[in-house]
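Take a look at the structure below.
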Amino acid sequence: METRDESAGHGPEGAGSARRPGRALGAWALALLLLGAALTGATAAATAWEQRQGYRLWEAYGAEMKPGYRHGELLLAEPTGGEGVERGDVVITSVPWYMNGDLLMQRVVALPGDRIAHRLGDDRLTLNGEPLDEPYLAEAGMPSTVAFDVSVPEGHMFLMADNRTKAWGSQFADNGPAPLAGVEGRVVAHAGTVAVALFSGWASGGALFLTGAGLGCAWLVGRRRRKRALAARTQARTTFLHVRPNAEPEAAGAGSAAGAGPGADAGPGGRAAQPDSRVTASPAGGRAGHRPGA
C-alpha cells in the first residue's frame, strides 16, 4: 500500500523553502517603509530649512533678463547682503538710477577693484584685460550697445542685464556702478523647479511609505495564515500517529476470528474448539438426541 510522507515540508529545508516567500515580502515591506520615511523626512527638513532661511519669491519683470528668466516667472531668492555677492550672480537689489530706488534684478559682472571695459565692435567684454565669457547673453556677440571703461570702486558692483539691448545697466555713463549695500537677495532657482522637487519628494515618500505599509499588512496576513496551516498539519499528523497503532491489533484480531469459521470458539493453545461427537445414553435407554417414545 502506497503511503504519503506527511512530514514533507516540515523539516528544516522544507520549512525554509515554505517561509522564503513570506520573508521576501516582509523584507520588501520594511525596505519601502524605511525608504518612504527617509524621503518624506528629508523633504520635510528641506521645506522647514527653506522657511527658516527666509527665502522669498521674486517675479521676473520685462524682457531684460531673457533668455534665462522670462517675464512673469517666479524665482526663488535667498537673503544675502552685498558681502556674499560673487561675479555672475543674479541679484535683487536697489540702485539709485532705477525707478526711484525700486528693486530690480540684474547680473553682477564686476566687483570692487575690477576693471571692466568694452569697445564698440568687440564681441566680448574685457575683465581686468581678459575677454569675458558670457554664455547667458540673449544675443551672442552683443555684450553692450555702448563703449565704456570703468574701474569699480570699493563698496560697489557693476550690473548688467542679460538682454543688453533691452535694459539699463551700469554700462551707461549716467548710471555707473551700484552700491553693494542695496543687495537684498540672490536668485538661486526657479520657484517652479523647487516646488516640483518638493512636491515630488512628498508624493514619492508618501507613496513608498503607503506601499510598504500595504506589503507589511499582506505579510502579516500571510504569516498568520501560514501559522494556521502549519498548526492544522501538525494536528492532523499527531492524530494520525495516535490512531494508527491502535487500529492494527483490532484488525489482527478480526482476521484470526474470520479464519476459525462461523461459530467456532478458540480453545486452549489458540486452536478452535471441536464439537463433541460422542453419543451418550439417556436414562431411558435411548440415544442422545432422541426423546423417549419418539
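One line per residue, one yes/no per condition, for (1) among the aliphatic types (A, V, I, L, M); (2) at pLDDT 80 or above:
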site	(1), (2)
Ala27	yes, no
Gly41	no, no
Gly62	no, yes
Met65	yes, yes
Tyr69	no, yes
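Consider the stretch 222-237. How many of its residues are in contact (Cβ under 8 Å) with a residue 24 or more places away in the chain and within 23 Å of Ala29 (Cα to Cα)?
Count: 3.
Is the stretch 172-179 home to any residue that is modelled with pLDDT of 80 or more, outside any helix (DSSP H, G or I), surrounded by fewer than 17 Cβ atoms within 10 Å (Cβ to Cβ) and touching a strand residue (DSSP E or B) at 6+ places or on another chain (Cβ under 7 Å)?
Yes, the stretch 172-179 has at least one match.
Going residue by residue through the stretch 111-118, is there one that turns out to be in contact with a strand residue (DSSP E or B) (Cβ under 7 Å, 6 or more places away or on another chain), at pLDDT 95 or above, closer than 18 Å to Val91 by Cα and small (Gly, Ala, Ser)?
No: zero hits.
The conditions are (1) modelled with pLDDT of 90 or more; (2) under 14 Å from Leu159 (Cβ atoms), and Tyr98 fails exactly one of them. Which is it?
The one condition Tyr98 does not meet is (1).
When residues of the stretch 136-171 are filtered for being open to solvent by 40 Å² or more (accessible area, probe 1.4 Å) and among the hydroxyl-bearing types (Ser, Thr, Tyr), how many remain?
Number of matching residues: 4.
So, in the stretch 136-156, how many residues would count as being of a type in the set (A, V, I, L, M, F, W, C) and not in a loop (DSSP other than H, G, I, E, B)? Give the derivation first.
Initial filter on the stretch 136-156 (of a type in the set (A, V, I, L, M, F, W, C)): 137-138, 140, 142, 146-148, 150, 152.
With the extra rule that they be not in a loop (DSSP other than H, G, I, E, B), the set shrinks to 148, 150.
Number of matching residues: 2.
So how many residues does the stretch 68-96 have that are out of contact with any helix residue (DSSP H, G or I) (no Cβ under 7 Å at 6 or more places or on another chain) and open to solvent by 50 Å² or more (accessible area, probe 1.4 Å)?
To start, the set of residues in the stretch 68-96 that are out of contact with any helix residue (DSSP H, G or I) (no Cβ under 7 Å at 6 or more places or on another chain) comprises 68-73, 77-81, 83-84, 86-92, 96.
Of the ones still in play, those that are also open to solvent by 50 Å² or more (accessible area, probe 1.4 Å) are 70-71, 73, 79, 83, 86-87, 96.
So the count comes out to 8.
Out of all the residues in the stretch 48-58, is one or more part of a loop (DSSP other than H, G, I, E, B) and at pLDDT 85 or above? Full working, then the answer.
Step one: filter the stretch 48-58 for residues part of a loop (DSSP other than H, G, I, E, B), giving 53-55.
Subset that is at pLDDT 85 or above: none.
Within the stretch 48-58, none of the residues are part of a loop (DSSP other than H, G, I, E, B) and at pLDDT 85 or above.
The values are calculated or read from the model by the stated rules, or taken from the named source; none is laboratory data. Remember, it's a predicted structure, so these values are computed and weren't measured experimentally. Here the Cβ is made from the backbone with ideal geometry for all residues, glycine too, and neighbour counts use every protein chain on show. Accessible surface is based on the protein model in full, side chains and every heavy atom, while ligands, DNA and RNA are left aside. Shrake-Rupley method; radii C 1.70, N 1.55, O 1.52, S 1.80 Å.
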